[in-house]
Each structure stands twice: as structure tokens, then as C-alpha cells.
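Rule-based calculations on the coordinates, nothing more; no lab input. Keep in mind that this is a model prediction, so the values were computed, not measured. FYI the Cβ positions are ideal-geometry reconstructions off the backbone, even for glycines, and counts take in every protein chain you see.
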Amino acid sequence: MLDKSLLDELADVITTRGGALPALKCEPFYHLMSELFTAEEAELAVKLPLEAMTARQLSRLIGRVDPVQLEKSLESMADKGLMLGEKAGVKTTYKMLPLLPGIMEFQFLKGGTGARDRKIILLIHEYLKYVNQAFASSAPATGDDAKPGKRIITLEALVAHIAVVHSYADMLELIDKTEHIAVGTCLCRHRGEILDRPCDKPKDVCMIFGLEAKAAADRGIVRMLSKTEARGVLDRAEEAGLIHQSMYHQGGFVDFLCNCCTCHCGTLRGIKRAPVPSLAAIVRRVIEIDRESCVNCGDCVPRCQMEALKLETVDLRLDESRCIGCGLCMYACPVDALKLVARINPWDTMPVK
């Protein structure tokens, strides 16, 4: 295992990159990072600034480092999915990735199933278990942490709070206006498969948009898609009943789209378990039932992963507090009696179109 003080520095650096998952200083994190990083790579990673830079710029910043040798190291780390290396003409800029979405996904977007892939995913599994346990208590803090108003929050509240739920129409619009689109393997369901808890839903539906997609595809981590192919991937995800979600970014852009399910996605499970799921993420729409058209067949009920729809006696009922506006139920309605309408959500700072 790498030196603990170096691993602690690495945790601090990864934390500054943001993301949906904290980099906690613990034994599972140390073991995972020691498998992913060499000592040289970890020492380099802790020196990197937040902004993307070329090898020559980084050489000047770090000092007394040969830019040619530095570029070789950076290229190796980008190939391993530890950082993003974006090529623009003859120049390549490099920046560290967050833990999730980022380093963890980049290890499995290829869908590898070899011995090392299995080892890494088991290490990720142990780390996720630790993080869940660390944030499992919502009881008031005690000891040194006992400050007025301070409480230990749950991991579910932490990750669900920054999730953005998108409709099929949202994603079609994004596909139409985005130049670079790529697809890879879902970490959640890939992990489930390796842990002998497989899912019958497709794995190859996680999508990356923009320059990050091109950068990852240049490394062979993901596969570039045409707009027609991207729509096909989205159609498969929609048909399978997968919820389209991303991490919130100011400005509303989407770089990494997770098409996932509550049986394997920790974020979606956190949203579902929340007292009010519609407030546990950024939710911009809600389902509306056309009572004149609805035949109360109940075909839509199994499609709702949040259990917002129920068939009570002969009437279809909607619990708006549980509806996250994914629109998956619309896919199953034989008479088009369901539609998405705009809703006001206190977490949402993005305008509804």
C-alpha cells in the first residue's frame, strides 16, 4: 500500500474536484487508491491545480520537472482513467477527475471483466460500504463534533441532493444540440453483475456529452456515437425503464448521464427512501393524469420506481410528493393519458423550458 500521508493528500485533492461521493480517509479508500495509482502518479496528482493545463504549463508550475517525461506520466494516467486528457489540435490539457462521477466510472466504462477489473470493483464495493456506514447515522453529533445545529447527514441525503432527473424529451434535445456523445458501461449494474447480483436491464447505456466524451473516447474508455446511435441508446434505456439522471452543475449543463434503476443505483435508492422524493433531487416536472382519457388499466404502475402511482380500487392515483418527473410511466400508457408538466421545486435553480 502507498504511504498513508500521501494517500491523505490524494484524498484532499480529489475532494476539491467535487463530485457526488466524498473521498474519505479510511482503509478501504487507501487500498483502492493504492491499486489505481502508483506512488509516482499519486505524488504527481497531489500537485495538480484545479484548472486544466498542458504538460509544459504544469512543468513550470511544479518546477524542475522535464515536460517530456511529465507528459508521458500524464498520458499514462489519462489512459488509466485517473484524469482527463483533452486534445485540442497539437496540445493536450490535463486535469484530475472527481471520484464519482469520474475515476470510478472511468475504470469500468469499458466493461472489463478480468481479474484486475474484479479486484478493483470489489475494492470500490468495500469503499462504498464504508461510506454508507460512515454517513448512516442521522443522530445529533457528539464529542468534538457537538456544535449547535450540527448533525451527521446520511450518504443518501448527500448524494440524492445533487441529482438532477431528466425526461426522455430533455435528453433528445440534449442529443440534438451536442456535438460529441459517447457511451460506456454502467458502473452500478456492472458492479452488481460481478457481485452475483445481476440486473436484467442493459449495462451499455451510460452516456458522456461534450469534450469529455471525445477525450474519453480518444483513450478507448468509451465509444463515440452518432446522433442516430445516441437516440437508439436512449430508446433502449427508456424501454428498459431506466431513469435518466445527472449530477447538478451550475448553468444546467450535462456532462455524464446515468441511465439507472433503484435496484442498483445508490443515488436513486436514496431518493426513493427520502420522506419526499420529489424534494430529494432537482425535479423540474410532475406527471399529470388526463382523467377523461385514462382507462385505469394500471399498466403505468410497475414503471414507476418511486411508487408514486397506485391503482386504488378502479382509480389511478398519483402521489405528487413521490413523483420525480422522469416520465417513464408515459411509455406504458396505451391511451396517452399521462403527460409531464412543469413544477416548482425549491432545489431547482434552472429554468423550465
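Of the residues 322, 116, 236, the one that moves most in a GNM of the chain with alpha-carbon contacts below 10 Å is 116. Taking other Cβ atoms within 10 Å as a rough exposure proxy, 103, 121, 194, 208 sort from fewest to most as 194, 121, 103, 208. Each of 314, 254, 276 was scored by other Cβ atoms within 10 Å of its Cβ. Listed from fewest to most, they are 314, 276, 254.
Ordering 261, 300 by the number of other Cβ atoms within 10 Å of each residue's own Cβ, fewest first, gives 261, 300.
Between 133, 305, 107, the GNM of the chain built on Cα springs shorter than 10 angstrom shows 133 fluctuating the most.
State, as an integer percentage, the relative contact order of the chain based on alpha-carbon contacts under 8 Å between residues 6 or more apart. Reported relative contact order: 14 percent.
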